[in-house]
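Structure, as structure tokens:
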Amino acid sequence: MRFQEECDDILMHIGRTPLVALRRIGRGLPVPVLVKCEHMNPGGSVKDRIAKAIVDDAEARGTLRPGATLIEATAGNTGMGLALVAAARGYALVCVMPEKMSVDKRVALSAVGARVVVTPNAPPSSPENFRNVARRMAGENGWFLTDQFNNPANVRIHEETTGAEILEQTGGSVGAFVAGAGTGGTISGVGRRLKSVLGRVRIVLADPVGSGLADWVETGRIGPDGAYAVEGIGGSDAPENLHRAVIDSAERVSDEESFAMVKRLVREEGLLVGGSAGTNVVAALRVAARGDLDGPVVTVLPDAWDRYRAKPWMQGWPP
Ligand code: PMP
């Protein structure tokens, strides 16, 4: 029946997000700046793509039995993507989050039925680090660790969908692709796809000031560990899914620049996005301003603003 095929379930509507131009913020630049609206995915972020891809992959390999428990170390967005997939496919879900992540994300994940475990903001070397806690709990309980930082299905889905969509939506003309890295899935997968087709495309990491990844891109060594408030990107070690060979350069963006840009995206473009979208757009505008590109600069808007209402940076936005 046609109706059923097209309306099957919400998971079919992940991806194929709009690509739009920053008509006001990007005005006057040598090349257009185009943003991929990942905040318009059903779960509100780019992470819906990898949640479905990782579960599809595990099911195909026979790793997941009906009713199994999934566990992930997540800043919240992967958790929400997994919560959708868990709901639609009948799995249980445990999310391990560092305490710096917003209360809104915690409340939302609990509301969708996930068990949320909050860990201290501990470095990767600490047993209390959220990734180490998730791995330990998976082993102890026989749960399936979706493992977004290492699972190759993460990079692969961005190569096959996000990257392919960008090529299609731009008619194959991209001068540069800019993105922050949490797991690295977005920048590595899209970067790999674009570079396989376009000889001169530049892949640029957008990194918060305080993250060590920009130094790593430039020198191969992780930079000093500092504090920053933008969520979901940057870090003090390079995950397996962040492929250095695909990245050409890095742009460092402060919290102040990122959050000021979110306000502009909301008010001048009607794009209702979160902090890392601000980081990505600040970096994309810098890259576009250099004027040495073959085509537009493309970046992603990873998630939506409603996850951050309780955060200090979203207070005090009067007209
Ligand atoms: N922005 C936000 C808000 C995120 O949650 C994430 C994922 N951690 C990213 C950007 C980065 O995406 P990726 O994991 O693909 O590098």
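A short reminder: the numbers here are calculations on the coordinates, not readings from a lab. This is a predicted model, so every value here is computed, not measured. Every residue, glycine among them, receives a Cβ derived from its backbone with ideal geometry; neighbour counts consider all protein chains shown.
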Residues of the stretch 73-100 with amide nitrogen under 15 Å from the 7 Å Cα-to-Cβ point of H13? 84-85, 88
Residues with beta-carbon under 10 Å from that of I222, excluding I222: net charge, scoring Lys, Arg +1 and Asp, Glu -1? -2
What would the Debye formula give as log10 I(q)/I(0) at q = 0.10, 0.15 Å⁻¹ for the alpha-carbon point model of the stretch 61-147, no solvent? -0.22, -0.50
Here the averaged projected area of the stretch 230-319, based on the convex hull of its alpha-carbon atoms and given in nm², is 7.3
Built amide H within the under 5 Å cut-off of L145, gap 5+: I71
The stretch 167-257: trypsin sites (Lys or Arg not before Pro) in DSSP loop, at most 12 other beta carbons within 10 Å: R200, R221
Would you tally the net charge around L109, using a Cβ to Cβ cut-off of less than 11 Å, leaving L109 out, and scoring K and R as +1, D and E as -1? +2
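Would you tally the net charge around E168, using a Cβ to Cβ cut-off of less than 13 Å, leaving E168 out, and scoring K and R as +1, D and E as -1? Before the final figure, lay out the partial values.
Numbers: positive: R16, K36, R193; negative: E160, E165.
Value of the local net charge: +1.
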Once every DSSP H run of n ≥ 4 in the chain is given -39500 (n - 2.57) and the sum is divided by its residues, what mean residue ellipticity at 222 nm do you get, rounded to the nearest 500 deg cm²/dmol? -11000 deg cm²/dmol
Label model pair R115, R200: point-to-point distance (7 angstrom along the Cα→beta-carbon line) in nm is 5.6
Residue exposure sequence - D8, D237, D207, D147 - by fewest surrounding Cβ within 10 Å: D8, D237, D147, D207
Stokes-Einstein D for the stretch 134-279 at 20 °C, 1.002 mPa s, Kirkwood Rh over Cα pairs, in µm²/s? 133
Dipole of the chain, positive direction: furthest Cα of G270, I247, V217, with charges on the beta-carbon: G270
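For the stretch 47-145, give the magnitude of the charge dipole about the Cα centre (Cβ charges: +1 Lys/Arg, -1 Asp/Glu; no others), in debye to the nearest 20.
On the way: 13 positive and 9 negative charges, 8 e Å.
About 40 debye.
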Calculate, for N141 and R264, the FRET efficiency according to 1/(1 + (r/R0)^6) with r their C-beta to C-beta distance and R0 51 Å; round to the nearest 0.05. 0.65
Specify, per residue and in Å³, the volume enclosed by the convex hull of the alpha carbon atoms belonging to the stretch 92-137. 54
Which of F149, F259 has the fewest Cβ neighbours within 10 Å, and the rest in rising order: F259, F149
Of G81, G199, G163, which is the most mobile in a GNM of the chain whose springs link Cα atoms less than 10 angstrom apart? G199
Dipole magnitude of the chain, debye to nearest 20 (Cβ charges: Lys/Arg +1, Asp/Glu -1, about Cα centre): 300
If I take every Cα pair under 8 Å that is 6 or more residues apart in the chain, average their sequence separation and divide by the length, what percent do I get for the relative contact order? 20
Compute for the chain: radius of gyration divided by Kirkwood radius, i.e. Rg/Rh, restricted to C-alpha atoms, rounded to two decimals. 0.95
